[in-house]
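This report concerns only the one structure given below.
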Amino acid sequence: MGSGARNTALKILQSYRRSGFWQDEQLYKEIAVNRLSAPDAALAVRLCIGVIQNQYLLDYYISELSSVAGSKIEPLVRDILRLGLYQLAFLDRIPASAAVNESVAIAKRKTPRAAGFVNALLRKASSLSAYPIPSDQDKLSYLSIVYSFPEWIVRSFFEQFGELQCESLLSHFNQIPPVYLQVNTCRTATDDVCRSLESFGIEYSRHKWLPDCIELQNSGALENLQVFKDGSVYVQDPAARLVTYAAELSPGMTVIDGCAAPGGKSFATAVRMNCDCKILSFDKNVAGVERIASGADRLGLSRCIHAKAADMTERQPELLSSADAVIADVPCSGLGIIGKKPDIKFKSRDDMQELPRLQLEILRSLSAYLKPGGTLVYSTCTLLPRENIEVVCAFLDDDADFSLERFDLPLPGGDAPEGHITLLPHIHGTDGFFIARLRRKNI
C-alpha cells in the first residue's frame, strides 16, 4: 500500500513546480484516474500539501545531508527527496524503511542514475534521531526556514502580531486543514446530512459554534459524497459564511455580491434568507460565473441567484441605489488561507503591491449600488492591514455617506464594536479573514 499514493503525489508536485499553481481539482482527478483506495487517496493529499507546506525546511535538510551542492540536484530528484524526507520527518505512521525503499523505487523508474544518491541521502536521514535545525539563524530567518515562509511574510506577521502569535500562526498554517460543509437548509436539515454521512461511514463532527456546519477530516473527493451530489451541502469555511451575519440580512432583500466566484457567499446569502430574496452575483471571469450558476443549480437556489459576468471596477448605471445589502469580497493576497492553498506563500510580493488600489476601486464602485440606509460588507481572506482596514479608511475618507457600524458574530470573542474584525486561524479556528460593516446614511 502507498506506491500509488506516492506516484500520484510526485506527478502533482512536478506539475505544481512547473506551473507554480496549486490545483486541488488536478490532484483529485489524478486520484480518480489511478483509482486510489481511500487510505491511499488521503496519503496522496497529505504528501502533496505537506511537501509544499514544508518546502523550505525540506530543502534545508537536503542541503545539510547532501554531499552534492543543491544547485546541481536536478528538479525531479529534488522532488523525490522532498517526498521521502517529508515522510521520514513528519509521518510517524510510515516506517522509515518504507519511505526510503519506495522513494528509491521511484528514482529507479524515473531517473535511474540518481537512485544511488537518493538511497544514500534518505538512509542517512532515516538514521537520525533528530533533524538538523538552523539554530544559528536570526529569529526571522529561523522562522522562515522552520515554517517554510518567505522572510517578508514572516516579518509582516512578526511586526503585526508579535513573536509568539507569529510563530503560532505560522505553525497553524502548516497543519492539514479540515473541510467544512455548510448545510443547505433550503433543501434539508443538518440531522439528515449527518445521518447520510454516517450511513456511508464518513467521520464528521458538528462545528462548535456555527450552526448547520459540519467538519470533515480526510474527506477525499467531495464530489463523490451523496450529500454533495444531491445539493444538501456546499463547501465553505466558517469565516466566509460569517460575512452573511455581518450583512444583516432579512427575507425579501435584494443583495449584490461582487467578485462572487466560486459562489459560496451567494449560496450562504440565499440559504440565510430561505431563498426569499434576489441575489445578483457578479464576477469578472466567465468561467467563474458558470461555476456560480452550476453551484446554484445543484443546490436548488437558481430561482434567487442570478449570475452575470461584469467588471466590478466599472459602475453599471442600472444598478445604482438598487440593493439593500452589498458584499464586497475583493481580490486579495490570500495570506489568510495559506493552510488550504500553500502555494500562495511562494507568490511574488511584487504581484501584490497593486492590490489595495484595486480593492479601493472595487469598493467605491460597489458602494454606489447600495440603497440609502443599506449595509455594505467589505471582506478579504488576507491578514495584511494595507488590504484591510487601511482600504476601508481610505474609502471613508472620500465618502462621508458611509460609516463603520458595530456588529456581532456567533463565535467566542466575535463582537466588533469598531465595525471590523480580523479572524485569526490559530485563535478562531477559521481561515484568516477580515470583515468590516459599513452603513450608508439614510438620506
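Observations, loosely collected:
- Selection status of Ser71, assigned to a helix (DSSP H, G or I), on the phi < 0 side of the Ramachandran plot and either at pLDDT 95 or above or open to solvent by 30 Å² or more (accessible area, probe 1.4 Å) (or both): yes
- Listed by position, the helices (runs of 4 or more DSSP H) contained in the range 117-181 that have at least 2 residues being touching a Gly at 6+ places or on another chain (Cβ under 9 Å) are 163-173.
- Residue that is most open to solvent (accessible area, probe 1.4 Å), among those in the range 268-290 that are closer than 15 Å to Gln236 by Cβ and touching a Leu at 6+ places or on another chain (Cβ under 6 Å): Arg272
- The residues listed here are Ala260, Ala293, Ala307; of these, the one that is part of a strand (DSSP E or B) and at pLDDT 95 or above is Ala307.
Conditions (1) under 29 Å from the mean Cα position of the chain (by Cα); (2) surrounded by fewer than 23 Cβ atoms within 10 Å (Cβ to Cβ); (3) under 29 Å from Lys347 (Cα atoms), marked per residue:
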| position | (1), (2), (3) |
| --- | --- |
| Gln14 | yes, yes, yes |
| Arg18 | yes, yes, yes |
| Phe21 | yes, yes, yes |
| Asp40 | yes, yes, no |
| Val45 | yes, no, yes |
| Tyr60 | yes, yes, yes |
| Arg82 | yes, no, yes |
| Ala96 | no, yes, no |
| Lys108 | no, yes, no |
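- In the range 316-343, of all residues being without any contact (Cβ under 8 Å) to a residue 60 or more places away in the chain and small (Gly, Ala, Ser), the one that is nearest to His306 (Cα to Cα) corresponds to Ser321.
- Only one of the numbered conditions (1) touching a helix residue (DSSP H, G or I) at 6+ places or on another chain (Cβ under 9 Å); (2) open to solvent by 60 Å² or more (accessible area, probe 1.4 Å) is violated by Tyr147, and that is (2).
- Candidate set: the range 194-222, residues that are in contact with a helix residue (DSSP H, G or I) (Cβ under 7 Å, 6 or more places away or on another chain) and within 21 Å of Gly263 (Cα to Cα); chosen: the one most open to solvent (accessible area, probe 1.4 Å): Asp212
- Where Ala394 falls short, out of the listed (1) within 30 Å of Pro150 (Cα to Cα); (2) under 20 Å from the mean Cα position of the chain (by Cα): (2)
- All positions within the range 1-30 that are under 20 Å from Ala99 (Cβ atoms), assigned to a helix (DSSP H, G or I) and of a type in the set (A, V, I, L, M, F, W, C): Ala5, Ala9, Leu10, Ile12, Leu13
- If you check Ser302, Ser333, Ser348, Ser322 for being among the polar types (S, T, N, Q), surrounded by 18 or more Cβ atoms within 10 Å (Cβ to Cβ) and either within 30 Å of Tyr147 (Cβ to Cβ) or at pLDDT 95 or above (or both), only one passes: Ser333.
- Looking across the range 308-317 at every residue that is open to solvent by 30 Å² or more (accessible area, probe 1.4 Å) and closer than 24 Å to Ala287 by Cα, the one that is farthest from the chain's Cα centre (by Cα) is identified as Arg315.
- Pairs linking a residue in the range 60-72 that is farther than 16 Å from Ser135 by Cβ to a residue that is of a type in the set (Phe, Trp, Tyr) and outside any loop (DSSP other than H, G, I, E, B), with Cβ atoms under 9 Å and 6 or more positions apart or on different chains, are Ser66/Phe117; Ser67/Phe117; Val68/Phe117.
- When residues of the range 395-443 are limited to those that are part of a helix (DSSP H, G or I) and open to solvent by less than 30 Å² (accessible area, probe 1.4 Å), the one farthest from Asp351 (Cα to Cα): Pro425
- Qualifying residue in the range 210-217 (condition: in a loop (DSSP other than H, G, I, E, B) and of a type in the set (S, T, N, Q)): yes
- A single member of Val154, Val118, Val146 is over 27 Å from His426 (Cβ atoms) and touching a residue at least 12 places away in the same chain (Cβ under 8 Å), and it is Val118.
- Taken over the range 226-248, the criterion of being crowded, with 21+ Cβ neighbours inside 10 Å, more than 19 Å from the chain's Cα centre (by Cα) and either part of a loop (DSSP other than H, G, I, E, B) or modelled with pLDDT under 95 (or both) is satisfied by Ser232, Ala247.
The values are calculated or read from the model by the stated rules, or taken from the named source; none is laboratory data. Please read these numbers as outputs of a predicted model, since none were measured by experiment. A quick note on method: Cβ atoms are made from the backbone with ideal geometry, for glycine too, and the neighbour counts reach across all protein chains shown. Only protein heavy atoms, including side chains, enter the accessible area calculation; ligands, DNA and RNA are left aside. Shrake-Rupley method; radii C 1.70, N 1.55, O 1.52, S 1.80 Å.
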